[in-house]
Amino acid sequence: MGPKTQESKETPTVNNLYWFAGIYEGEGSVGISRKPKWCTFSLMITQKDPYILYTIQNLFGGSIYYRSS
């Protein structure tokens with residue numbers, strides 16, 4: 001089980017949305033996991049700089065998972 005999902009801490013501005021779109025377009029992907037009784041939709045961003053991930057989490061909520069490379 002991973003970390004608890006965090007709610008967003010601030011309301012994104014239009015510039016935040018543009019910034020996020022650029023990060024997501026370059027480093028992001030979509031995942032869908034289907035089970036018999038539920039479905040999970042995930043936006044994933046791979047990033048070496050944790051500041052970027054924490055900024056996105058503060059704006060939009062979500063969880064951060066660490067992976068060893």
TODO: May I ask you to evaluate 6.51 cos²θ - 1.76 cosθ + 1.60, the Karplus curve with θ = phi - 60°, for each residue of segment 46-57 and list the ³J(HN,Hα) values in order in whole Hz, giving x for glycine and proline?
DONE: 8, 8, 7, 8, x, 4, 4, 5, 5, 5, 4, 4
Task: Estimated inter-spin distance, SER68 and LYS35, nm [label 7 Å along Cα→Cβ] - done: 2.7
Task: Option label - percent of Cα pairs over 19 Å apart computed here, alternatives [x] 50; [y] 38; [z] 35 - done: [y]
Open item on the list: Less than 29 Å apart at the alpha-carbon level, and either on another chain or at least 8 residues along: which lysines does that give for LYS37?
Closed with: LYS4
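How much accessible area per residue does the chain have, in Å², with a 1.4 Å probe?
Result: 87 Å² of accessible area for each residue.
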- [ ] May I ask you to give the percent of accessible area on the chain that is carbon plus sulfur, with a probe radius of 1.4 Å?
- [x] 55
Open item on the list: Can you tell me which lysines have their Cα less than 22 Å from the Cα of LYS9? Leave out same-chain residues fewer than eight positions away.
Closed with: none
- [ ] Please give the length that would be gained between GLU27 and THR11 if that part of the chain were fully extended, namely 0.36 nm times their separation in residues minus their C-alpha to C-alpha distance (nm, one decimal).
- [x] 3.5 nm
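The values are calculated or read from the model by the stated rules, or taken from the named source; none is laboratory data. Everything quoted here is computed from the prediction, not taken from an experiment. Cβ sites come from the backbone with ideal geometry, for glycine too, and all protein chains shown count toward neighbours. Areas reflect the complete protein model, heavy atoms only, side chains present, ligands, DNA and RNA absent. Shrake-Rupley method; radii C 1.70, N 1.55, O 1.52, S 1.80 Å.
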